[in-house]
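*Asks:* Structure incoming, see below.
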Amino acid sequence: MTSPPTADRPGPPPPGAVPDDVADGAHPVVARPRAASARVRTARPPSAARTGDHADAGGTETQRRVREGAGQLAVAAMRRLDADLEWYRALPAEDRSWVNLVAQAGITAFVTWFADPSRPPHGVGEIFAAAPPELTRSISLQHTLQLVRVVVDVVETHSDRLAAPGAERELREAVLRYSREVAFSAAEVYARAAEVRGGWDARLEALVVDALVRGDADDALRSRVAAIGWSGRGSTLVVVGTTAAHLDEVRVADLRRATRRAADDALVGILGDRLVVFLGGEGDLRAAAMGLLPRFGPGPVVIGPPAPGLVESTASARAALAGLQAAAGWEQVPRPVLADDLLPERVLVGDADARRALVERAFVPLAASQGSLLETLSAYLGAGRSLEAAARSLYVHPNTVRYRLRRVADVTGWDPLDARESYVLQTALAVGRLDAARP
């Protein structure tokens, strides 16, 4: 039953009437569903929520708590590092102190940024600026990311106590956002250190190759060889050729990777238009050199004699370079060609090592042998490489000449019946007689 209206309690307005408060310009109070209100709150972008909430007392209180709790966070992070990371416990004391400094710098930088989160994180790289660059050799990028993960987990664990009531989620989101920036910064630091280290290794490698080519096998060379990581196992082979056209930094890096895949040890040197490669290891180095032929430019590729080690390969490098210079004198030169197969041409360009090798390996053994081998070889070459003409000049049977020439091949390693090897022996006889004629 409805009470009748009175002066103090007016009755309901008639249908279609406008309330007085709305007619006077006031806003009506409209009841909204609770779910819709919740959707409006969660739809606000994080930046708007953060900038708005940090202006109130709750945001200021969270900043104050985070600032005052920075020391506790650093102590807790150090304890977690020591408890969870085995590689951290195995570090020397000096490196461990540097890691602690990086972790504390990260927490301090976060506190500074959290005071004004509307601005993007800046100066994140300064977190790693306090540590020396050598720390990247002791701690890998994977270890650094584990360090960041532990510190983030510590801050998240303490977020409930550090944040003001109701601001726990915002603090956790800020930590995750800042940890992402720190991870990218760490990757940048390691990438920059790798570039510097790669540039230094390339310069050191160039110095070692230049010293080997010039024959400066001193103690400084040995220390540099150790610094570039040459293992020293097995023998060493030197391969020399021309460089390919437009050999830029990318192609040089690709060439170095190819040589390191071909052998256990490898060095690459670019001397003007010449490419010098040192291969070392216990495998088949000549097969490795054959696999690298497409990496060389046009023209001959010369392989020096094997050497027992890298420091001892200076003579091999000198022989290969002389062979590259003299290869133009042999029109049918194979690719690759051994430096010892170019001894006559190397003698013509003034290579003293080739001249001495021919005398010691051909002329001297033949002169010291029994059975008139030197006289028979000289007669055979002088008669136009004719067995019958040589036999007539020596007053022997042609079979005797043929037998003696086989003995010459056994003594010297060069067969007089082969056209190319007879030319080598003829050059050896010429330089041997010249040396014998010297006063």
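The values are calculated or read from the model by the stated rules, or taken from the named source; none is laboratory data. A quick note: this is a predicted structure, and the numbers were derived from the prediction, not measured. Note that each Cβ is placed from the backbone with ideal geometry, even for glycine, and that neighbours are counted across all protein chains shown. Areas reflect the complete protein model, heavy atoms only, side chains present, ligands, DNA and RNA absent. Shrake-Rupley method; radii C 1.70, N 1.55, O 1.52, S 1.80 Å.
*Asks:* Scanning region 268-300 for residues that are in contact with a Ser or Thr (Cβ under 8 Å, 6 or more places away or on another chain) and aliphatic (A, V, I, L, M), which turns out surrounded by the fewest Cβ atoms within 10 Å (Cβ to Cβ)?
*Replies:* ILE270
*Asks:* State whether the residues of region 317-328 include one that is at pLDDT below 95, of a type outside the set (A, V, I, L, M, F, W, C) and not in a helix (DSSP H, G or I).
*Replies:* No, that holds for no residue.
*Asks:* I'm checking my understanding of the structure. Among residues of region 390-399 that are touching a helix residue (DSSP H, G or I) at 6+ places or on another chain (Cβ under 7 Å) and open to solvent by 50 Å² or more (accessible area, probe 1.4 Å), which one is nearest to GLU375 (Cα to Cα)?
*Replies:* This residue is SER393.
*Asks:* Additional query: For region 415-430, which residues satisfy the criterion of being within 13 Å of VAL359 (Cα to Cα), of a type in the set (A, V, I, L, M, F, W, C) and touching a residue at least 12 places away in the same chain (Cβ under 8 Å)?
*Replies:* VAL424, LEU425, ALA428, LEU429
*Asks:* Return the total of residues in region 98-139 being open to solvent by less than 60 Å² (accessible area, probe 1.4 Å) and either modelled with pLDDT of 70 or more or part of a helix (DSSP H, G or I) (or both).
*Replies:* 19
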